[in-house]
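Sharing a structure here in structure tokens format.
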Amino acid sequence: MPPKEKELTYRQAIEELETILRALETDAVDVDDLTSRVQRSAELIRLCKLKLRSAEQAIDQVFENLEDEEDTDDFA
């Protein structure tokens, strides 16, 4: 069983997605298994999007802080 989503890193989620994709490309997957793999893929994609958005916000905050420091330095 895969680790819980909150415990997965971005890299782990991508690797699991790649594993699912390879299986779908190479194996004869029955409908029940296909459904569960597609559902899991959707969960992993949502997780990756969330992690990317979070990283983007953190990076934006760093740049905002740097700009604020530069503005403060200009007045010093």
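No lab work stands behind these numbers, since they all come straight from the coordinates. These figures come from a predicted structure and were not determined experimentally. Note that we place each Cβ from the backbone using ideal geometry, even for glycine, and neighbour counts take in every protein chain shown.
Could you tell me the calculated FRET efficiency between Lys51 and Thr72, based on Cβ-Cβ distance and R0 = 25 angstrom, to the nearest 0.05?
0.20
Oh, and also: In deg cm²/dmol, rounded to 500, what helix-only [θ] at 222 nm does the chain give when every DSSP H run of at least 4 residues adds -39500 (n - 2.57) and the total is split over its residues?
On the way: 2 runs with 62 residues, N = 76.
Mean residue ellipticity, 222 nm, calculated: -29500 deg cm²/dmol.
Still on this model: What does the charge count near Thr19 come to, summing +1 for each Lys or Arg and -1 for each Asp or Glu among other residues with Cβ under 12 Å from its Cβ? Don't jump to the answer; show the numbers that get you there.
Numbers: positive: Arg22, Arg37, Arg40; negative: Glu15, Glu16, Glu18, Glu25, Asp27.
That sum, taken over residues with Cβ under 12 Å, equals -2.
Tell me, what ³J(HN,Hα) does each residue in the range 13-28 have, in order and in whole Hz, if you take phi through Karplus 6.51 cos²θ - 1.76 cosθ + 1.60 with θ = phi - 60° and put x for Gly and Pro?
With the stated coefficients, the range 13-28 comes to 5, 5, 4, 5, 4, 5, 5, 4, 4, 4, 4, 5, 6, 10, 9, 7 Hz.
Using 0.36 nm per residue, how much length does the chain from Thr19 to Arg40 gain when fully extended, once their Cα-Cα distance is taken away?
So the extension gain works out to 6.4 nm.
Return one quarter of the surface area of the convex hull spanned by the alpha-carbon atoms of the chain, equal to its mean projected area, in nm². Write out the running numbers ahead of the final one.
Working: hull surface 25.5 nm².
Mean projected area of the Cα convex hull: 6.4 nm².
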